[in-house]
Amino acid sequence: SDIIISTRVEYSVLLSKYGNDNCKKIAVEHRHHNNEKRYIKKIRNKYDNINYLVVLTEGLKKDYSSFLKKDSITKVVVIPNMIDKYPSELSSLKNKRVISIGRIVEGKRVDEIVEIACEFRDWEFIIIGDGDKFDKIGQMIQKNNLTNVKLLGAMKNKKALEYLKESSIFIMTSETEGLPMVLLEAFSYGVPAVCYQTDSGVSDIVDNNLNGYVIEGRNQKEMIAKLEMLMEDYKLRKSFGKDARKKANEFSEKEVNKKWKQIL
């Protein structure tokens, strides 16, 4: 083959070892490395015949370039995932609704969303997703008598996007992310976001004080304060939402394909 693209580390190791010299060999990493020593060791020692390593974010490019600093062949490039759809209908941003969509597992820290919701009883908080912490989150909601928090479980993407379109703020409390596609989907509907900073992903999407807020150091008081600012100022939501929409366009099929064509 003229070009081979591999999307799992196990296959990329084989591609590096057995790929012909006249074949362009491209490895793709879709996730955060999470400082996993065995995984990093494979990349550091067994990618010496890979031409391009495609990663999702600038933060990951820095990390993987460090892993491969002794590798003179592999070039690390950033090509994000693309959003499936750039919708024509936008959120009105008038509903008193904050939304979270994602897996309900330890690293997503959905428990903090419930804690934050206690401060805003006049706003509805929609939580969409499933995972091993689902029952625990349900118990927290019940214990705090949070009638404004709706734990809806997993649902098809089309239905989840309908809820997103009717929301005014997206909230993300994850500890780690690769490139959070649901955040891009929120932006495509013109919904601003308030997120905790992560090592990768969040700052590649959210421009602080322009289309949302990025909270450093998992400061819950600041998270609450920024949410309150957006809740109380419709014009601010509209301004942030307009820039969020522009940002989402950078991850459209057309724009991402341009990046792929540069290396293909």
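The values are calculated or read from the model by the stated rules, or taken from the named source; none is laboratory data. Everything quoted here is computed from the prediction, not taken from an experiment. Ideal geometry is used to build each Cβ from the backbone, glycine not excepted, and the neighbour counts take in all protein chains shown. The protein model used for the area step is the full one, side chains on, heavy atoms only, and it has no ligands, DNA or RNA in it. Shrake-Rupley method; radii C 1.70, N 1.55, O 1.52, S 1.80 Å.
When volume of the Cα convex hull per residue in Å³ is calculated directly from the model, which label among (1) 192; (2) 180; (3) 132 fits?
(3)
Given the options E115, E36, E253, state which has the largest fluctuation in a GNM of the chain using a 10 Å cut-off (strictly under) for Cα springs.
Most flexible of the set in this elastic network: E36.
Counting heavy atoms of the protein chains only and a 1.4 Å probe, report the per residue accessible area for the range 167-208 as a whole number of Å². List each step's numbers first, then the result.
Numbers: 800 Å² over 42 residues.
Heavy-atom accessible area per residue stands at 19 Å².
Explain nothing, just the number: relative contact order of the chain, from Cα pairs under 8 Å at least 6 residues apart, as a whole percent. Provide the component values of the computation, followed by the final result.
On the way: 499 pairs, mean separation 46.7, N = 264.
Taking the mean separation of contacting Cα pairs over the length of the chain, I get 18 percent.
Using a simple spin-label model with points 7 Å from Cα along the Cα→Cβ vector, what separation in nm is obtained for L236 and Q139?
Going from the L236 label point to the Q139 one covers 3.6 nm.
Once you place label points 7 Å from the Cα toward the Cβ at K24 and R38, how far apart are they in nm?
Placing both labels 7 Å beyond Cα along the Cβ direction yields 3.4 nm.
About its Cα centre, what dipole magnitude does the chain give when the only charges are +1 on Lys and Arg Cβ and -1 on Asp and Glu Cβ, stated in debye to the nearest 20?
On the way: 46 positive and 38 negative charges, 137 e Å.
Roughly 660 debye, rounded to the nearest 20.
Take the residue pairs K37/K133; K17/K85; K62/K136 and return only those whose Cα atoms are more than 32 Å apart. It would help to have the intermediate numbers written out before the result.
On the way: K37/K133 27 Å; K17/K85 38 Å; K62/K136 36 Å.
Over 32 Å apart, Cα to Cα: K17/K85; K62/K136.
Carbon-plus-sulfur fraction of the accessible area of the range 1-124, 1.4 Å probe, in percent?
Values: 3190 of 7090 Å².
Result for the range 1-124: 45 percent of the exposed heavy-atom area is carbon or sulfur.
Relative to a virtual label point 7 Å from the Cα of A225 in the Cα→beta-carbon direction, which members of the range 95-129 show backbone nitrogen distances below 11 Å?
Those under the cut-off are none; the list is empty.
Under unit Cβ charges (Lys, Arg +1; Asp, Glu -1), what dipole magnitude, rounded to 20 debye, does the range 1-126 have relative to its Cα centre?
Values: 24 positive and 18 negative charges, 115 e Å.
With only Lys, Arg, Asp and Glu charged at Cβ, the dipole is about 560 debye.
Would you please report the Å³ per residue occupied by the convex hull of the alpha carbon atoms in the range 1-111? Mind showing how you got there, number by number?
On the way: hull volume 16.5 nm³, N = 111.
Here the figure is 148 Å³ per residue.
Given the C-alpha centroids of the range 42-114 and the range 168-191, what is the distance between them in whole angstrom?
12
How much length is gained if the chain between L210 and M155 is pulled fully straight, taking 0.36 nm per residue apart and subtracting their Cα-Cα distance, in nm to one decimal?
This chain segment gains 16.7 nm when fully extended.
With n ≥ 4 as the cut-off for DSSP H runs, can you work out [θ] at 222 nm for the chain, using -39500 (n - 2.57) per run divided by the number of residues, rounded to the nearest 500?
Working: 11 runs with 109 residues, N = 264.
Helix-only estimate at 222 nm: -12000 deg cm²/dmol.
What FRET efficiency comes out for D130 versus R218 if R0 is 35 angstrom and r is the Cβ-Cβ distance? Round to the nearest 0.05. Please list the in-between numbers first.
Working: r = 24 Å, r/R0 = 0.68.
Taking R0 as 35 Å, the efficiency between D130 and R218 is 0.90.
Which one, L60, V182, S200, projects farthest toward the positive side of the charge dipole computed for the chain from Cβ point charges (K/R +1, D/E -1)?
Positive-end residue among those listed: L60.
Positive end of the dipole of the range 75-141, charges at C-beta (+1 Lys, Arg; -1 Asp, Glu), about the Cα centre: which of I113, S91, P80 has its Cα farthest in that direction?
Of the candidates, P80 comes out farthest on the positive side.
Long-range amide H contacts for D207: which residues qualify at under 5 Å (H placed 1.01 Å from N, peptide plane, sequence gap of 5 or more or a different chain)?
Amide H neighbours of D207: G212.
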